[in-house]
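K.L.:
Before we start, here is the structure in question, set down as structure tokens.
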Amino acid sequence: MAWYTLAHDRVGRFAVAISSATSPVRFGVFELDTYSRQLSRNGMRIRLPQQPIQVLCLLVERPGEIITREELRKLLWPADVFVDFDQGLNKSILKLREALGDSPGSPRYIETIPRIGYRFIAPVISGFVPQNPTTQAGTAPLEVDARAGLPNTPSDDPKRVRRKGTWFAFAGCAAAVMLLSGWLVEQRRHAVESIHSVAVLPLDNLSGDPSQEYFADGMTDELTTMLARNSTLRIVSRTSVMQYKGAHRPLREIAGALGVDGILEGSVERSSDKVHMTIQLIQAKTDTHLWAESYDRSPGDVSTLPAEAAREIAKQLHSSVQTPTVARFVSAEAHDAYLRGQYYWVEGKNEEAGKYFWQAVQLQPDYAPGWVGLSEYYGRCAFRGTMPASAAQKSEAYAQKAVELDSQLPEAHLMLGGALILNRWDWARGLDEISRAIELDPKFALAYHMRALNLCFVGRTEEAVADQKRSTELDPFYRPDAKAQVYYWTRQYDAAIADAHMRVERIPVIYGVLAESYRGKGMKKEAAEMLAEQFTASGDVLAAAAIRHAYQLGGYDAVVRWQLKQLEEKSTTSYVSPISLAQLHAHLGEREKTLSLLEQGLRERSPDLLRIRIDSAYDFLHSEPRYRAIIQRMGLPPAAAAGK
């Protein structure tokens, strides 16, 4: 009924405006077609959402007049459809000013009348002014008898004719309204049914405080996650959409880049006593607003808001999925600490993230997501060799705690699976837990990626590639190096190089995969150059220059010795895994030193020993009994099965 009411109201409200302005108007360097609602600058079209362009049409149609906020509300935001008028209008005016290059402090086009409304102050030139019907000089206009289609005679009763004319006009308008309303309802139904994929754009932080960005990003993340779990829709991941944070680009262009039918955009504002969130659903193809809602919560009752909004969106799009939920109390302080941890985690500030995850579980010991965050923090540090084996033990313990607290949480099972493999080399149970995460959330891209990696470790290459392809399909922007990395670890070097070169992102990890893949092919000059590019992309131009200089002096071996020197110096001040050193000695073909370091890693249960079987650097050791003993102790199939 809400959409029907909107359609019915707008037919009446805009009928006069549309009929009275059917051609472009000009102001400054801009041209506005108030009929088709298109804004251009010097002939180049400027794309704007529907609501801002409607506001501009109304302002331009009455230049110099004050149009009150209340009048705009009645015309454009009926209370039964858009309940958050203030935020909607403020955002529309902001978008208009951005498009026009206008300033609220010194306006050239739109003047704000504080607490009252707005006024269009620029001169407006109409491209076409409709003319009223004229009559011939000295003659009166003829009135037509609706019954006979003949001119009325002076004996006809003028009042009777006017009454009939009014009645017919009213009946015609009513019929037109009903037909148009029915058409709009049908169009809305088709628009809803056409949406099978949605991207949740980063929520705008309207708190006026940049330090609240973590909260807006956190709510975006949770809304994205809950919408994926509560609907049959394909939901683009947070990592994919965060590139559009603060980017003022047409929604249709963003939707095309992300491959989605619908866009969710909105804002969140937090004060000391209230959290206010507004979201609106837009059909990307037509830039049509299909649904909008706003929510007000107390700061202590905000943790359930994303799930509530996600269920309503899924309902609106007829794509709801019944998922088992258990009402759980969540401390506002613990939830806030967790959001801060997630923010720093995405920013790559791991140490800060770990502190806030720990704070979350201290504030609320039964808060499962906080334990998941801690498990992920320690697991990543262990896998990358920046912490000793005790980090893997902590990762397993914290993941187990999360599963015990919430057995329906996919992230908890995912972290537990990874930790079981990392800490215990328990491949069967680890893969079972990762698969359980996928069962709970079949659209969990990260879970497919982690299962692909661990399938690589045990030599199940075809399954690994299939899982990584599924992960990349679900989230093309997560870990742009992931598919190339899986190709490298399954010895498909040409595929790894081709995939890495296709990536637009020239980031350190991409160059790292290219370096390893070229080395695997024996193309050491290219490998050295990609390694130098990896440091350049990281901002370390001195290291990049040192690598190029080393290669010129002594070839690839000189580059490896330079890397060894850097790691050995680092080991004097911080932890360096023996496996990191073993890999470099393996590149040099130093058999005894490599085996000694690998055995040291085995004694320490170094988590990054997982890659020993698939890393081509160790190919020359495959026939060594000491090497094969390490493989056996880890519960892996013989290294020879990996081939060369």
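Values in this text are rule-based calculations from the coordinates and carry no lab data. Predicted model, so just to flag it, every value in this text is computed and none were measured. A quick note on method: Cβ atoms are made from the backbone with ideal geometry, for glycine too, and the neighbour counts reach across all protein chains shown.
K.L.:
How many nm is it between the label spots at Glu351 and Ile113, if each spot is 7 Å from the Cα in line with the beta carbon?
P.N.:
Result for the modelled spin labels: 5.7 nm.
K.L.:
Could you rank the peptides 270-276, 485-491, 608-614, 470-476 by their average count of other C-beta atoms within 10 Å per residue, with the highest value first?
P.N.:
485-491, 608-614, 470-476, 270-276
K.L.:
Grab the beta carbon distance between Gln243 and Ser36, set R0 = 25 Å, and tell me the FRET efficiency rounded to 0.05.
P.N.:
The computed FRET efficiency comes out at 0.20.
K.L.:
Across all directions of projection, what mean area in square nanometres is found for the Cα convex hull of the stretch 325-386?
P.N.:
The Cα convex hull of the stretch 325-386, projected and averaged over all directions, gives 4.4 nm².
K.L.:
Taking amide H positions as placed 1.01 Å from N in the peptide plane, with prolines and chain starts having none, which residues 5 or more places from Gly117, or on another chain, fall under 5 Å of its amide H?
P.N.:
Arg69
K.L.:
With label points built 7 Å along Cα→Cβ from the Cα atoms of Met502 and Asp301, find their separation and express it in nm.
P.N.:
Reported label-point gap for Met502 and Asp301 is 5.0 nm.
K.L.:
For Arg234, enumerate residues with amide H under 5 Å from its amide H, sequence gap 5+ or separate chain, H modeled in the peptide plane.
P.N.:
Excluding prolines and chain starts, which carry no amide H, the hits are Ser197, Val198.
K.L.:
Measuring from a point 7 Å past the Cα of Ile66 along Cα-to-C-beta, which residues in the stretch 111-126 have an amide N at less than 12 Å?
P.N.:
112-119
K.L.:
In addition: Among Ser197, Ser211, which comes first, second and so on when ranked by fewest other beta-carbon atoms within 10 Å?
P.N.:
With the fewest neighbours first, Ser197, Ser211 line up as Ser211, Ser197.
K.L.:
At R0 = 22 Å, how high is the FRET efficiency between Ser126 and Arg45 if r is their beta carbon distance? Nearest 0.05 is fine. Walk me through the numbers before you get to the answer.
P.N.:
On the way: r = 20 Å, r/R0 = 0.90.
According to the calculation, E is roughly 0.65.
K.L.:
Between Leu564 and Ala629, what is the spin-label point distance in nm, taking each point 7 Å from the Cα along the Cα→C-beta axis?
P.N.:
Spacing of the two 7 Å Cα→Cβ label points: 2.4 nm.
K.L.:
Cross-link list Lys285/Lys443; Lys245/Lys525; Lys565/Lys593: which exceed 27 angstrom alpha carbon to alpha carbon? Before the final figure, lay out the partial values.
P.N.:
Values: Lys285/Lys443 24 Å; Lys245/Lys525 39 Å; Lys565/Lys593 15 Å.
Violating the 27 Å limit, Cα to Cα: Lys245/Lys525.
K.L.:
Hey, what do the phi angles of the stretch 569-577 turn into as Karplus ³J(HN,Hα) couplings, whole Hz, using 6.51/-1.76/1.60 and θ = phi - 60°, x for Gly and Pro?
P.N.:
Computed from phi, the couplings for the stretch 569-577 are 5, 5, 5, 6, 10, 8, 5, 10, 5 Hz.
K.L.:
Order of Lys443, Lys315 from fewest to most other C-beta atoms within 10 Å?
P.N.:
Listing Lys443, Lys315 from fewest to most nearby Cβ atoms yields Lys315, Lys443.
K.L.:
Could you give each residue of the stretch 304-319 its phi-based ³J(HN,Hα) in whole Hz, using Karplus coefficients 6.51, -1.76, 1.60 with θ = phi - 60°, and x for Gly or Pro?
P.N.:
8, 4, x, 5, 5, 5, 4, 5, 5, 5, 4, 5, 4, 9, 6, 9
K.L.:
Another question, then. Of Gly385, Leu420, Leu440, which is farthest on the positive side of the dipole of the stretch 330-442, counting Cα position, with +1 on Lys and Arg Cβ, -1 on Asp and Glu Cβ, and the Cα centre as origin?
P.N.:
Positive-most Cα among the choices belongs to Gly385.
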